[in-house]
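First comes the structure, then the notes that go with it.
We did not get these values from a lab; they are worked out from the coordinates using the rules stated. Bear in mind the structure is a predicted one, so any value in this text is a computation, not a measurement. Note: ideal-geometry Cβ built from the backbone for every residue, glycine included; neighbour counts use all protein chains shown.
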Amino acid sequence: MRNTGRMKRVSTEPSIPRIAERSDLAGRTNASLRRLLVVSAGLFVAGDVLFWAMYAAVASQTGLALLDVPVHDAVVALRSGAVTALFSVFATLTSPIATAVTAALTALVWAVWRRDFWRPGLLLGSMALAAVLSEVVKHDVGRTRPSSADFLQGPDASFSFPSGHTLGTSVFLLVLAYVLSASVASAKVVWATWATAAVGILAVAFCRLYLGYHWLTDVLASIGLACGVAGVAMLVDGMRASFRKRNGQSADTGMQSTAN
């Protein structure tokens, strides 16, 4: 009987490997939160610097603004029938309205599939913030577009700085990449997700130059704004995760440990 009792006492005590496993998991979670805060702050600062550099260049007509006309002329000279048809379709799919609809559908699918309303809300909130910033900055700067003779998809009387197509699509891709990377533990998948977002952003930026509707500084400023918005979204999500962790709840973040 004493042996049985001893066996019961031993079996009910937590083993050292299990305790170590829990401690290691907590450490990785804390490291992920710290990494998320650093990356989100870095993304916000980098985007802020890029946007204000373009803003100052356009206001003073110095720096990269001096390349606006040469770059515009060079890109227009590259036009060909097949590429124009491809970019015309791409521009339609990445218009502010189309991107907003895509974001809404993505958020709906995510909410139903994952039964999670926070990150879909984060995505839609980021898109709304981007739309507001686009209109505010456009009317503040009041910059005219390139010559309408170079437009390939009809007239556009709105202001040029920043590019609404580039800003909306960039915010969508960046925040979506973050949301998706929060759901995987594979470093390769995370890197592939962010690389795909980067390619998409560069593609829509070049598309706006190719179709003749924007200057180089317009699309660069849009990318800067998008990075700033994405940085804020990631920071908000990280703060929420930190709060949930302190309260003993799940604290998943988008910056998964690459040790897995």
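Summary of values
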| item | result |
| --- | --- |
| Residues located in the stretch 103-157, provided they are of a type in the set (K, R) and within 24 Å of R240 (Cα to Cα) | R114, R115, R119 |
| Complete set of residues in the stretch 65-116 that are outside any helix (DSSP H, G or I), under 25 Å from A130 (Cβ atoms) and of a type outside the set (S, T, N, Q) | D116 |
| Qualifying residue in the stretch 34-41 (condition: of a type in the set (S, T, N, Q) and without any contact (Cβ under 8 Å) to a residue 60 or more places away in the chain) | no |
| Out of G63, G81, G121, G125, sole residue that is over 14 Å from H214 (Cα atoms) and in contact with a helix residue (DSSP H, G or I) (Cβ under 7 Å, 6 or more places away or on another chain) | G63 |
| Spans of helices (runs of 4 or more DSSP H) in the stretch 147-246 with at least 2 residues among the charged types (D, E, K, R) | 187-210, 216-246 |
| Any chance A131 is of a type outside the set (S, T, N, Q), surrounded by 15 or more Cβ atoms within 10 Å (Cβ to Cβ) and either in contact (Cβ under 8 Å) with a residue 24 or more places away in the chain or under 19 Å from A233 (Cβ atoms) (or both) | yes |
| The lone exception for F161 - which of (1) of a type in the set (A, V, I, L, M, F, W, C); (2) buried (at least 19 other Cβ atoms within 10 Å of the Cβ); (3) out of contact with any Lys or Arg (no Cβ under 7 Å at 6 or more places or on another chain) it fails | (3) |
